[in-house]
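The values are calculated or read from the model by the stated rules, or taken from the named source; none is laboratory data. Just so it is clear, the structure is predicted and the values come from calculations on it, not from any experiment. Here the Cβ positions follow ideal geometry from the backbone for every residue, glycine too, while neighbour counts run over all protein chains shown. What goes into the accessible areas is simple: the full protein's heavy atoms, side chains included, and nothing from ligands, DNA or RNA. Shrake-Rupley method; radii C 1.70, N 1.55, O 1.52, S 1.80 Å.
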Amino acid sequence: MILDIARLLLFPAMMTFAAASDLLTMTISNRVSLALGAAFLALAVLGGMGFIDILSHLGAGATVLAVAFACFAMGWVGGGDAKVAASAALWFGFGHLMNYLVYASLLGGALTLLLLQFRQWPLPYLFVGQLWLLRLHAKDSGIPYGIALAIGALMIYPETEWIRAIDPSHFAMR
């Protein structure tokens, strides 16, 4: 039952934290990516994932990390975003990776357009004292892409083997 609760809550909670952190501070701590990676390894081993499957998931994470860091080097994404995307790819493996990347890209584009429009308007006086909104509204600040990465991940997660492995009878009222 504890394993089922961990499968159900751990990944969504960490991705939600990454999105909130990016929204409020425009940074995602390395601890979030490390926790996602450690949680993946722990749940994969405890859940009985095969060695070849674990290697495949690690390959998906490494592939996304390489591409995301190339994007980081070109200034297209932040370093925290690159690491969180790679950590999420660990959980999805190659089986769900393309769907995740498509969702995250589309959501990231929509978020970028929304923020660019938001930054064209003056910030209402009521919100001027909110440091996180001032940072978000600043024309020279980046895009908190971790929000798009998290929403894309939360859209894909219910389709994964992590959720399919949960035994619903553990949650039935007795």
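Assorted remarks:
- Residue, most open to solvent (accessible area, probe 1.4 Å), within segment 25-48, restricted to residues that are of a type in the set (A, V, I, L, M, F, W, C) and outside any helix (DSSP H, G or I): 26
- Residue in segment 163-172 that is touching a helix residue (DSSP H, G or I) at 6+ places or on another chain (Cβ under 7 Å) and within 19 Å of residue 33 (Cβ to Cβ) present: no
- Residue ID - most open to solvent (accessible area, probe 1.4 Å), chosen from residues in segment 88-121 that are touching a His at 6+ places or on another chain (Cβ under 8 Å) and at pLDDT below 95: 118
- Some residue of segment 1-22 being under 30 Å from residue 169 (Cβ atoms) and not in a helix (DSSP H, G or I): yes
- Of the numbered criteria (1) under 12 Å from the mean Cα position of the chain (by Cα); (2) over 16 Å from residue 163 (Cα atoms); (3) aromatic (Phe, Trp, Tyr), the one residue 51 fails is (1).
- Residue within segment 156-167 that is open to solvent by less than 80 Å² (accessible area, probe 1.4 Å), aromatic (Phe, Trp, Tyr) and assigned to a loop (DSSP other than H, G, I, E, B) present: no
- Selection within segment 141-155 - under 15 Å from residue 27 (Cα atoms) and surrounded by fewer than 15 Cβ atoms within 10 Å (Cβ to Cβ): 141
Residues are listed down the side, and each one gets a yes or a no for (1) closer than 19 Å to residue 96 by Cα; (2) free of Cβ contacts under 8 Å to residues at least 40 places away in the same chain:
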site: 19; (1), (2): no, no
site: 28; (1), (2): no, no
site: 36; (1), (2): yes, no
site: 46; (1), (2): no, no
site: 71; (1), (2): no, yes
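- Answer residue from segment 122-134, given it is aliphatic (A, V, I, L, M) and either part of a helix (DSSP H, G or I) or under 30 Å from residue 163 (Cα atoms) (or both) and is modelled with the lowest pLDDT among those: 126
- Residue, nearest to the chain's Cα centre (by Cα), within segment 135-174, restricted to residues that are modelled with pLDDT of 95 or more and small (Gly, Ala, Ser): 150
- Boolean, residue 80 is in contact with a His (Cβ under 8 Å, 6 or more places away or on another chain), in contact (Cβ under 8 Å) with a residue 24 or more places away in the chain, surrounded by 14 or more Cβ atoms within 10 Å (Cβ to Cβ) and part of a helix (DSSP H, G or I): no
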